[in-house]
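Undergrad: Mind looking over this structure? Questions follow.
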Amino acid sequence: MVNIVRSFCVLIVAALVTCAPAQAEKRVALVIGNSAYKSVPKLANPASDAGLIGGMLRKAGFDTVDVRQDLNASEMRKALREFGGRTRDADVAVIYYAGHGMEVDGTNYLIPTDAALEADTDVYDEALPIDRVLVSIEPAKQLRLVILDACRDNPFAKTMKRTVASRAIGRGLAKVEPTSPNTMIAFAAKAGSTASDGDSRNSPFATALADHLPKPGLDLRKAFGFVRDDVLRSTANKQEPFVYGSLGGDDVPLVPAKPAATGPQANPQSELRRDYELALQLATRDGWEAFLAQYPDGFYANLAKGQLNKIAAEETRASAEQKAKAAEQEKTRLMTERAQKAEQDKAAAAAKAAEEARIAAEKQKQIEQARAEAAEQQRKIAEAAAAKALAEKQAAEKAKAELAAKQAAERAEQAAKPTADRQLPEVENQKVAALSPAPASTLSAADLTKSVQSELRRVGCLSAAADGDWSATSQRSLTLFNKYAGTQLDVKLASVDALDALKAKPGRVCPLVCNFGFKADGDQCVKITCRAGYRVGEDNECEKVQEKKPVATREESRRRDTDRKQSESAPSAPQASGQMICNNAGCRPIAKGCRLGTANHPSNPAAKIPAEICN
């Protein structure tokens, strides 16, 4: 008996060990991109390259990815020290550096953003040797990988003072031979040569890394071979990446191969969608062309073609802008050299044509941008709908399986009981069925009408009470629901289909309509309040109050007519002629029809006085 129990326990332990999943390896990464140097011109790509590589490592499933940008000397030392602590229990450790680097006396140094390097000996104090980076990744158990995108032309070497003539300052970086096993060091360009930043947002080296390194199961040596081929192709064989160090005979992928699927198969569109999103992140012509070569047809292929059209529009715009700039420069040169008027007119016409081409290209780019964004939105909507349908299908299958299992268990339990015992659950089931609410299909006409009216009130299409009378008001409310919900329900009667369609809407469907002087605020109407001097106008908006001229009343009009008639009936006074006559009594106007003359003075006939002479 003891031996049987012991054997049984051994079998259980063996089964647990066999079924337990393999412990996933821990992978950590540190990404540094230095662009904003203080003593030399700013680099264009390292910050963007660091973001690209950091995003690639996160999508590759790394446990921690620390992305740092524009670090000075103390910040770089601190970042390496903290990363060294994370590598103590890690299986894979990766460091990516983009920025300036230099070689002095055979030793490679990474240059922080605050380095001045006025003399060649300053490199020992202001820069970090490559050995300091190797120390940080040394604790990793399986793979130690350092990627240096720092082989750019070094601007510090041109202004650096030489304290010793024999001290060698090389071009690019020097060859490195790591002493730790399972260690690889990748250069953007082989020792003694420089790398190019390229003409796009990311360098050719960073773009190729993001394309090949995250491929599951791909050995690093083969992946870096693909990177080398891509960079040589994109730089016209001027830049050749190089890898130093050695690995064992087994394949060493940065991302482990995916295990064979043993459970339910994944959505066949998931791999296609992942490749599309990777190409969308790269946003390069080569990436989209590679995607179309792999997936030439279908919904995502159409999206990829739209993205290619967008890139082509941008290239056309950039080319047109360059031509316009060149034409403008040619025009300026001809004017400066006092060229003939015909030549100047020709250059001006060329500049104008180039500017029109640039404007047309800019418009085409905007059109393609809008099309790409619309297509991307359609893709997201389609993916969300597919995911929702898949989830609903899985939930239905699960519920169906659970119900079948429950029914099978109940049948087995009833089969094991006597006949008398089986009758009791049937009676209980009948009682439960009697107490359960009746489904919509068994509701009476009045109850069904009230239920439909209540749902119409809930979605904001009916304001009347739910009285069970399917009147014209209820029919108009269901017509409104059809209009705003996009349904085609029969409005002549309250149906089960209408009740189901209304219950499927979680919130308001019909817009809120408010009376004059009120406006909609969420699900209620609030009174419109205008500031002083304004009132609610006919368009239900606040408008300024217009001042009205006083209107004469009926009594005032009657009094004004009476005064006018009296003035017309009174004897008219003599009208003035416009001349004045003055004497000792004063001045007065001369009547119309008279004139100013002279008369004898009454007491002195020899004297003359002014007089009014009338005919």
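The values are calculated or read from the model by the stated rules, or taken from the named source; none is laboratory data. Note that the coordinates shown come from a computational prediction; the quantities given were computed from them, not determined experimentally. Note: ideal-geometry Cβ built from the backbone for every residue, glycine included; neighbour counts use all protein chains shown.
Undergrad: Can you run down the residue pairs with Cβ atoms below 8 Å, 6 or more apart or on separate chains, where the first is in the range 47-68 and on the phi > 0 side of the Ramachandran plot and the partner is at pLDDT 90 or above?
TA: Close Cβ pairs satisfying both conditions: Gly61/Arg27.
Undergrad: Just the residues that are without any contact (Cβ under 8 Å) to a residue 40 or more places away in the chain and surrounded by 13 or more Cβ atoms within 10 Å (Cβ to Cβ), please, taken from the range 346-365. Give the derivation first.
TA: Within the range 346-365, the subset without any contact (Cβ under 8 Å) to a residue 40 or more places away in the chain is 346-357, 359, 363.
Residues satisfying the conditions are Lys346, Ala347, Ala348, Ala350, Ala351, Lys352, Ala353, Ala354, Glu355, Ala357, Ile359.
Undergrad: Would you please list the contacts, defined by Cβ atoms under 7 Å and residues six or more apart or on different chains, that run from a residue in the range 446-462 that is on the phi > 0 side of the Ramachandran plot to a residue that is of a type in the set (A, V, I, L, M, F, W, C) and surrounded by fewer than 19 Cβ atoms within 10 Å (Cβ to Cβ)?
TA: Cβ pairs passing all conditions: Gly460/Cys510; Gly460/Leu512.
Undergrad: In contact (Cβ under 8 Å) with a residue 12 or more places away in the chain, assigned to a loop (DSSP other than H, G, I, E, B), closer than 22 Å to Arg457 by Cα and not charged (D, E, K, R) - does that describe any residue in the range 515-532?
TA: The answer is yes; a qualifying residue exists.
Condition check ((1) closer than 12 Å to Pro241 by Cβ; (2) outside the structural domain of Arg274 (by TED's automatic domain parsing); (3) in contact (Cβ under 8 Å) with a residue 12 or more places away in the chain) across all residues:
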residue: Thr179; (1), (2), (3): no, yes, no
residue: Ala188; (1), (2), (3): yes, yes, yes
residue: Ala191; (1), (2), (3): yes, yes, yes
residue: Ser203; (1), (2), (3): yes, yes, yes
residue: Ala208; (1), (2), (3): yes, yes, yes
residue: Pro214; (1), (2), (3): no, yes, yes
residue: Asp219; (1), (2), (3): no, yes, yes
residue: Lys222; (1), (2), (3): no, yes, no
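Undergrad: Considering Ala195, Ala115, which residue is at negative phi, modelled with pLDDT under 85 and touching a helix residue (DSSP H, G or I) at 6+ places or on another chain (Cβ under 8 Å)?
TA: Within the list Ala195, Ala115, the selection yields Ala195.
Undergrad: Among the residues of the range 269-300, which ones are under 24 Å from Gly54 (Cα atoms), polar (S, T, N, Q) and assigned to a helix (DSSP H, G or I)?
TA: If the condition is that a residue be under 24 Å from Gly54 (Cα atoms), polar (S, T, N, Q) and assigned to a helix (DSSP H, G or I), then Ser270, Gln281 are the ones that fit.
Undergrad: Scan the range 101-160 residue by residue and report those that are of a type in the set (Val, Ile, Thr) and either outside the structural domain of Ser39 (by TED's automatic domain parsing) or surrounded by fewer than 18 Cβ atoms within 10 Å (Cβ to Cβ) (or both). Walk me through it before giving the result.
TA: Taking the range 101-160 and keeping what is of a type in the set (Val, Ile, Thr), we get 104, 107, 111, 113, 121, 123, 130, 133, 135, 137, 146-147, 159.
Scanning the range 101-160 gives Thr107, Thr121, Val135, Thr159.
Undergrad: Now for a different question. Could you list, in sequence order, the residues of the range 30-47 that are crowded, with 20+ Cβ neighbours inside 10 Å and over 17 Å from Met76 (Cβ atoms)?
TA: Asn45 - this is the single residue of the range 30-47 that is crowded, with 20+ Cβ neighbours inside 10 Å and over 17 Å from Met76 (Cβ atoms).
Undergrad: Where residues in the range 136-152 are charged (D, E, K, R) and more than 37 Å from the chain's Cα centre (by Cα), which of them is farthest from Leu220 (Cα to Cα)?
TA: The extreme case among them is Glu138.
Undergrad: Is one or more of the residues making up the range 70-88 touching a Phe, Trp or Tyr at 6+ places or on another chain (Cβ under 7 Å) and either surrounded by fewer than 18 Cβ atoms within 10 Å (Cβ to Cβ) or closer than 13 Å to Val31 by Cβ (or both)?
TA: No, the range 70-88 has no match at all.
Undergrad: When you check Asp229 against the structure, is it farther than 13 Å from Cys151 by Cβ and surrounded by fewer than 17 Cβ atoms within 10 Å (Cβ to Cβ), yes or no?
TA: Yes, satisfied.
Undergrad: Going through the range 374-386 one residue at a time, which ones are small (Gly, Ala, Ser) and free of Cβ contacts under 8 Å to residues at least 60 places away in the same chain?
TA: The initial filter retains those residues of the range 374-386 that are small (Gly, Ala, Ser), namely 374-375, 382, 384-386.
Selection gives Ala374, Ala384, Ala385.
Undergrad: Of these, Ala498, Ala599, Ala532, which one is modelled with pLDDT of 75 or more, over 30 Å from Leu480 (Cβ atoms), of a type in the set (A, V, I, L, M, F, W, C) and assigned by TED's automatic domain parsing to the domain that holds Leu456?
TA: The unique qualifying residue is Ala532.
Undergrad: Asp275: at pLDDT 80 or above and either aromatic (Phe, Trp, Tyr) or surrounded by fewer than 16 Cβ atoms within 10 Å (Cβ to Cβ) (or both), yes or no?
TA: Working: at pLDDT 80 or above: yes; either aromatic (Phe, Trp, Tyr) or surrounded by fewer than 16 Cβ atoms within 10 Å (Cβ to Cβ) (or both): no.
For Asp275, the condition - at pLDDT 80 or above and either aromatic (Phe, Trp, Tyr) or surrounded by fewer than 16 Cβ atoms within 10 Å (Cβ to Cβ) (or both) - is not met.
Undergrad: Related question: Might you let me know whether the range 317-337 holds any residue that is part of a loop (DSSP other than H, G, I, E, B) and not small (Gly, Ala, Ser)?
TA: Yes - at least one qualifying residue is present in the range 317-337.
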